[in-house]
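Colleague: The structure is given below, and queries will be raised subsequently.
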Amino acid sequence: MTPERRLEEALARLLPSPPPARIGVAVSGGGDSAALMHLASAWATRAGVALEVATIDHGLRAEAAAEAALVASGAETLGLPHETLHWRGWDGRGNLQDQARRARYGLLTAWAQRRGLRAVLLGHTRNDNAECVLLGLSRGAGLDGLSGMRPAFRRSGVLLVRPLLSVPREALRDWLLARHLHWIDDPSNEDNRFARVRAREALDRLSALGITAEALARSAENLRRTREGLQEILRAEARAHCSTEAGDVIVAPGALEAMPEEIARRLLNAALRWVACADYPPRAQNVALLMGDGEARHAGMTLHGCLVRETPDGLRISREPEAARRAPTAGPEDLWDGRWQVAGPFQPDMVVRDLGEAGLSQAADWRASGLPRATCLASPAVWQGETLRAAPLLEPNGDFVARVVPDFFEGL
């Protein structure tokens, strides 16, 4: 099957029907993303979709700016708007690739929100999926870690789609060469200080045993189907036994104990990730402690940026007030704390930040809201300097409205 056909089938499966009117594509200039840009451009023309291109300059190599300019030139040839997004967050400490990956998603979703793009296409291939499985094996990962890359997922309300996961990297380069199209080779792809490069080298050696990118990707697909089956069960259990209030998740009394252990664990992970707007779930041993220590739940425990406590209504998972206090301020066009969208009659000097103790002291009667104190403290508020202008969750009939994007059940 040709790359064109694979892309078209994947987008028909992964995008809503009809597709969004405006879509973005992330292009580094490497062979995979360069091919995606050209393939997606032709598809967008047929589908009547407006396509835009973004390149991320991580600020790690002197050549990055020139490479972004080459992508911009290629996008211009196709008649596509292009923007270079800059990251300057690397301080030389920690896991560079992990921090860069998180930064990429943050920059891309912010760009998509600003440009009104409902989805962003990513150029990961079958080879990337196989390397992901190998890295999962090296960590002793379970089902989720060995299921490969998700073909589609949401981040900050934006749908991120990988339509080339079934296409070999070599097929894309052959496709480009046949059309005399060029790409940029990133030297970091040959630097074996990075785990992904070492996985690529290991995969070359393992091919003699029949452990190829195709075989690993096939295994990942089989596991992904199993994971999706569990997700269906999880969705059903969540809808039956969970409710949300003011950005908190409430699990009905006794519900976790009645579920299979794996489903209960997945439900807690999903709730903790949604409340904290976290990319990853907490450590498995911490979730096991939460599940097994009833006394700690009754006393209230903090985990993954959340406050977890038993209440008469069930297990309530709320944003930890201190974590909300550390969230950067946001404007009317931004998501605050990664998930809250606040709308209303903003003035230029108004910002969104946590209500906190200062806001609680200015709120007329926060107890009338019926919300727990910790939930109120971590809730979004509109500030003008040090003056509280609105606390939307405490004032449901006020001028300002706050909602979480996406909804908990939508994101499962």
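The values are calculated or read from the model by the stated rules, or taken from the named source; none is laboratory data. The structure displayed is predicted, hence computed values, not measured ones. Neighbour counts run over all protein chains shown; Cβ positions are idealised from the backbone, glycine included. Calculation scope for accessible area: heavy atoms of the full protein, side chains included, ligands and nucleic acids excluded. Shrake-Rupley method; radii C 1.70, N 1.55, O 1.52, S 1.80 Å.
Colleague: Taking 0.36 nm per residue of sequence separation and subtracting the Cα-Cα distance, how much length would be gained by fully extending the chain between Arg325 and Asp144, in nm to one decimal?
Modeller: Between Arg325 and Asp144, full extension yields 62.0 nm more.
Colleague: Considering the dipole of region 294-366 built from charges on the beta carbon (Lys and Arg +1, Asp and Glu -1) around the Cα centre, which of Gly338, Trp366, His298 is farthest to its positive end?
Modeller: My answer, from the dipole projection, is His298.
Colleague: Separate question: Using the charge dipole of the chain (Lys, Arg: +1 at Cβ; Asp, Glu: -1 at Cβ; taken about the Cα centre), state which of Ala278, Ala112, Gly74 has its Cα farthest towards the positive end.
Modeller: About the Cα centre, the residue reaching furthest to the positive side is Gly74.
Colleague: Okay, next question. Grab the DSSP H runs of the chain that are 4 residues or longer, score each as -39,500 (n - 2.57), total them, divide by all residues and round the 222 nm result to the nearest 500 deg cm²/dmol.
Modeller: -13500 deg cm²/dmol
Colleague: Around Cys306, which amide H atoms from residues at least 5 apart in sequence, or from another chain, sit under 5 Å from its own amide H, with H modelled in the peptide plane?
Modeller: When sequence neighbours closer than 5 places are left aside, the close amide H contacts are Glu320.
Colleague: Between exposed trypsin sites (Lys or Arg not before Pro) in the chain, where DSSP calls loop and at most 12 other Cβ atoms lie within 10 Å, what's the longest gap?
Modeller: Between the exposed loop sites, the longest stretch runs 284-412.
Colleague: Continuing with this model, one more query. Looking at the chain, what % of its DSSP beta bridges pair antiparallel, to the nearest 5?
Modeller: 70
Colleague: Continuing with the same structure: Over what distance in Å are the Cα centres of region 291-305 and region 328-402 separated?
Modeller: 27
Colleague: Give me the distance in nm between label points sitting 7 Å out from Cα along the Cα-to-Cβ direction at Glu201 and Arg88, one decimal.
Modeller: With each label point 7 Å from Cα toward Cβ, the separation is 3.4 nm.
Colleague: Keeping every protein chain present and rolling a 1.4 Å probe, give me the accessible area per residue for the chain in Å².
Modeller: In whole numbers, the chain has 49 Å² accessible per residue.
Colleague: How large a share of the accessible area of region 292-412, in percent, is made up of carbon and sulfur atoms when the probe is 1.4 Å and the other protein chains stay in place?
Modeller: The nonpolar share, carbon plus sulfur, comes to 47 percent.
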